[in-house]
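The values are calculated or read from the model by the stated rules, or taken from the named source; none is laboratory data. Everything numeric in this text was worked out from a predicted model, so none of it was measured. Ideal geometry is used to build each Cβ from the backbone, glycine not excepted, and the neighbour counts take in all protein chains shown. Each accessible area value is taken on the protein alone, full model and side chains, heavy atoms only, with ligands, DNA and RNA left out. Shrake-Rupley method; radii C 1.70, N 1.55, O 1.52, S 1.80 Å.
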Amino acid sequence: QVQLVESGGGLVQAGGSLRLSCAASGRIFSVRTMGWYRQAPGKQRELVATITTGGTTNYADSVKGRFTIFRDNVINTVSLQMNSLKPEDTAIYYCNADLASYPSTYFSELWGQGTQVTVSS
């Protein structure tokens, strides 16, 4: 069974840094775009950052210049380096991947279980 496993969340003071990591495991055929989304209490889930297999990145305006997404295509991991964190970054962060797993070559979207990030003021 293919799954995404996240790690690295926690509590940090405003201005601090955290790094989130996500690993895709199982019988993976191929992974296309990977990314991070977040959901704050009472709000809809929103895009934080995505990265393609070729390394093209896309960021939400609210995190540009503070967050960096990167991936390792060999071991199918994606990470999010978060600097200059603000209280408004507090949310559950979800890893996302567009992938195909054996025996099928059909691509579908997969979500991780989420990891809590809390930024105190």
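For this structure, a couple of remarks:
- Selection of segment 17-34 for residues being of a type outside the set (Gly, Ala, Ser) and part of a strand (DSSP E or B) yields LEU18, ARG19, LEU20, CYS22, ILE28, PHE29, VAL31, ARG32, THR33, MET34.
- Unique residue being over 12 Å from the mean Cα position of the chain (by Cα) and among the aromatic types (Phe, Trp, Tyr) when the list is PHE70, PHE107: PHE107
- Filter result for TYR102 (crowded, with 19+ Cβ neighbours inside 10 Å, among the aromatic types (Phe, Trp, Tyr) and under 24 Å from ARG27 (Cβ atoms)): no
- Some residue of segment 106-114 being among the small types (Gly, Ala, Ser), farther than 19 Å from ALA24 by Cβ and either crowded, with 20+ Cβ neighbours inside 10 Å or touching a residue at least 24 places away in the same chain (Cβ under 8 Å) (or both): no
- The listed residues are ARG19, ARG32, and the only one of them that is open to solvent by 60 Å² or more (accessible area, probe 1.4 Å), under 13 Å from TYR93 (Cβ atoms) and basic (Lys, Arg) turns out to be ARG19.
- With respect to being out of contact with any Cys (no Cβ under 8 Å at 6 or more places or on another chain), open to solvent by 50 Å² or more (accessible area, probe 1.4 Å) and among the basic types (Lys, Arg), ARG27 fits the description.
- Residue among ARG66, ARG45, ARG38, ARG71 that is among the charged types (D, E, K, R) and touching a residue at least 60 places away in the same chain (Cβ under 8 Å): ARG38
- Residue satisfying all of: in segment 35-82; basic (Lys, Arg) and not in a strand (DSSP E or B); most open to solvent (accessible area, probe 1.4 Å) among these: LYS43
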